[in-house]
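The structure appears right after this line, and notes come after that.
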Amino acid sequence: MQFGIVGLGRIGANLARLALEQGHQVVGFNEDKTATRRLARAGLERADSIADLVSRLQAPRVIFAYVPHGAPTDEVCDELAGLLETGDVAVDGGNSHWNDSERRHAIFARAGIGFLDIGTSGGLEGARHGSCFMAGGDEDAFRVVAPLLRDLAVDDEAVLHVGPPGSGHFAKLVHNAIEFGMLQAIGEGVELLTRSSYDLDLHRLFVNWSHGSVIRSWLVELMAEALRKEPGFKELSTFVEDTDEVKWVLKWGLDEDIPTPVIALSQNALMRDRDPNNVASKAIALMRHGFGGHPLHRDDEDEPRGRVGR
């Protein structure tokens with residue numbers, strides 16, 4: 001299958017590499033040309049602009065966007081809406097607000113263009129070796145893209161048409177909210193272990209928990225690997241980046257009178273003033289770096305204070 005990708009950052013670039021290895025033809029555009037030059041060596045067809053990318057694709061065109069949520073996604077979608085034709089499909093694979101996805105779907109629908117909001121999970125490793133996809137939008141558009149998604153997924157069960165426009169991104173952001181709670185619980189567990197009177201080998205303990213324990217998970221495995229590389233946490237900053245996306249879910253939950261105490265407390269933990277010796281925050285930063293490539297700050301850096309984009 002031939003398709004396009006706008007945005008060849010951490011996720012987009014890895015998905016492009018996987019698609020090329022699967023035998024697909026990928027046309028890519030990225031503002032930073034370094035990414036396209038690097039991927040060209042792997043077989044990517046480089047485009048100089050979004051318009052150029054569209055012109056290189058045969059109808060019906062399929063174009064994925066992996067750009068930051070908000071204004072950058074609006075700019076890409078607005079340009080694609082003016083370039084694509086009836087029967088083409090545009091995909092927002094980022095972490096957009098579901099209300100924005102509903103609005104964008106309506107804009108594309110008026111021109112007869114399919115639009116899917118697809119939550120993409122699995123982090124950098126998933127994008128490179130097989131992700132999990134949650135798609136919202138019309139079934140006709142999903143049927144066009146589904147074969148490609150299955151090639152880019154870890155298995156067929158990792159591809160799901162969740163429902164109507166907006167539902168894919170809503171599902172992904174609730175997924176992220178659950179992730180926050182899990183990260184906080186693991187981080188606090190590391191804090192408890194380090195403050196005990198026992199001389200524990202935390203790396204070996206988390207490896208142990210990765211084999212058959214009730215809490216075994218990829219996050220526990222990431223914590224085990226991180227503890228192998230950073231056993232003492234000495235040089236790590238407690239600053240953990242916040243992309244604001246979980247706040248959208250919390251606000252919606254408040255508006256709907258749905259209690260979410262664990263997720264709310266996890267969000268608050270990211271915003272509180274950091275104790276420079278807070279091991280839980282350092283543990284969470286290590287796991288987020290492991291699955292998503294989120295920056296890992298050191299104590300000798302000037303940490304940003306406030307909102308940090310994806």
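Taking the criterion of being surrounded by 22 or more Cβ atoms within 10 Å (Cβ to Cβ) and not hydrophobic (A, V, I, L, M, F, W, C), the residues of the range 166-196 that qualify are Gly166, Gly168, His169, Lys172, Gln184, Gly187. Would you confirm, using the coordinates I've provided, whether Ile215 is at pLDDT 95 or above, among the β-branched types (Val, Ile, Thr) and over 21 Å from the mean Cα position of the chain (by Cα)? Considered against the rule, which asks whether it is at pLDDT 95 or above, among the β-branched types (Val, Ile, Thr) and over 21 Å from the mean Cα position of the chain (by Cα), Ile215 comes out as yes. Taking the criterion of being touching a helix residue (DSSP H, G or I) at 6+ places or on another chain (Cβ under 6 Å), assigned to a strand (DSSP E or B), open to solvent by less than 30 Å² (accessible area, probe 1.4 Å) and modelled with pLDDT of 95 or more, would at least one residue in the range 152-165 satisfy it? Yes. Highlighted here are the strands (runs of 3 or more DSSP E) found entirely within the range 7-105 that include at least 2 residues which are touching a residue at least 60 places away in the same chain (Cβ under 8 Å) and open to solvent by less than 30 Å² (accessible area, probe 1.4 Å): 62-65. Picking from residues in the range 114-144 that are of a type outside the set (A, V, I, L, M), under 18 Å from Gly9 (Cα atoms) and assigned to a helix (DSSP H, G or I), the one that is most open to solvent (accessible area, probe 1.4 Å) is His129.
Each residue in the range 274-309 was checked for being within 21 Å of the chain's Cα centre (by Cα), small (Gly, Ala, Ser) and either over 25 Å from Ile11 (Cα atoms) or modelled with pLDDT of 60 or more (or both), and 6 of them qualify.
The values are calculated or read from the model by the stated rules, or taken from the named source; none is laboratory data. No experiment lies behind these values; they were computed from the predicted model shown. Please note: Cβ atoms are built from the backbone with ideal geometry, for glycine as well, and neighbour counts cover all protein chains shown. Keep in mind that these areas ignore ligands, DNA and RNA; they rest on the heavy atoms of the full protein, side chains included. Shrake-Rupley method; radii C 1.70, N 1.55, O 1.52, S 1.80 Å.
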